């Protein structure tokens, strides 16, 4: 059966957040086009991951003063979010969804994006400040991102395997923030209407970084230092909280 936007919309993940309302309206058309081109779900994931890495280069240039790139950055991230939805739609429509391989490729694409942006921030700070502190702060930021990612994912894996927990990576969302297929925008609660607008702005820290760098390169450098400290404090606190969990040795 030929894939059409309407048939693809019927298999959309109903657990998606209402934040992506407009992107979910666009994704079936993109998904249908990708399927006609013969792209698989994993191939689509790789495409948006590579797109985000290229966009991180544009973020670096914007931090360095090419602020006219901001609209292009916005569009590129919006496209990547649509593709991030399309990969799941392709998997469900073709019956090729993989809770192991697909999740792994998706996670790699997300983490590649986050590390690419951290590198863009660090390189941007070095370029605009010429400070000898930029390198150690940049390394500290990347190390903090790496340790936070590792500790969180490791903790999640251990808890799920040994404690039979259903704990989720994203936490919980307030009731009513889940996307419901076919719901008219005007029928959404006011709070959800606002979410549909803010949901169009992906990786919001990017725009804050560009603004701060434009206003004060020195402030941007110290903002990165604060961000690095926050990430290290977070993974350290996560480890400490995990060690305090009342778990018997026999369960480990």
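Points worth noting:
- Remark: pairs (first residue in region 192-218, at positive phi and in contact (Cβ under 8 Å) with a residue 60 or more places away in the chain; second residue buried (at least 19 other Cβ atoms within 10 Å of the Cβ) and assigned to a helix (DSSP H, G or I); Cβ separation under 7 Å; 6+ apart in sequence or on different chains) = 203/77; 203/117.
- Residues of region 13-40 that turn out to be in contact (Cβ under 8 Å) with a residue 60 or more places away in the chain and within 19 Å of residue 202 (Cα to Cα), as a count: 11
- When each of 180, 160, 155 is tested for being surrounded by 11 or more Cβ atoms within 10 Å (Cβ to Cβ), modelled with pLDDT under 85, more than 21 Å from the chain's Cα centre (by Cα) and assigned to a helix (DSSP H, G or I), the lone residue that passes is 160.
- Condition met for residue 69 (at pLDDT 95 or above and more than 20 Å from the chain's Cα centre (by Cα)): yes
- Scan of region 1-13 for residues that are assigned to a loop (DSSP other than H, G, I, E, B) and over 16 Å from residue 81 (Cα atoms), ordered by number: 1, 2, 3, 4, 10, 11
- For residue 63, the test of being buried (at least 16 other Cβ atoms within 10 Å of the Cβ), within 15 Å of the chain's Cα centre (by Cα) and modelled with pLDDT of 90 or more is failed.
- Flag for residue 121 being crowded, with 21+ Cβ neighbours inside 10 Å, in a helix (DSSP H, G or I), touching a helix residue (DSSP H, G or I) at 6+ places or on another chain (Cβ under 8 Å) and modelled with pLDDT under 90: no
The values are calculated or read from the model by the stated rules, or taken from the named source; none is laboratory data. Treat the numbers as computed from the prediction; the structure is a model and nothing was measured. All Cβ positions, even for glycine, are placed from backbone atoms using ideal geometry, and neighbour counts span all protein chains on display.
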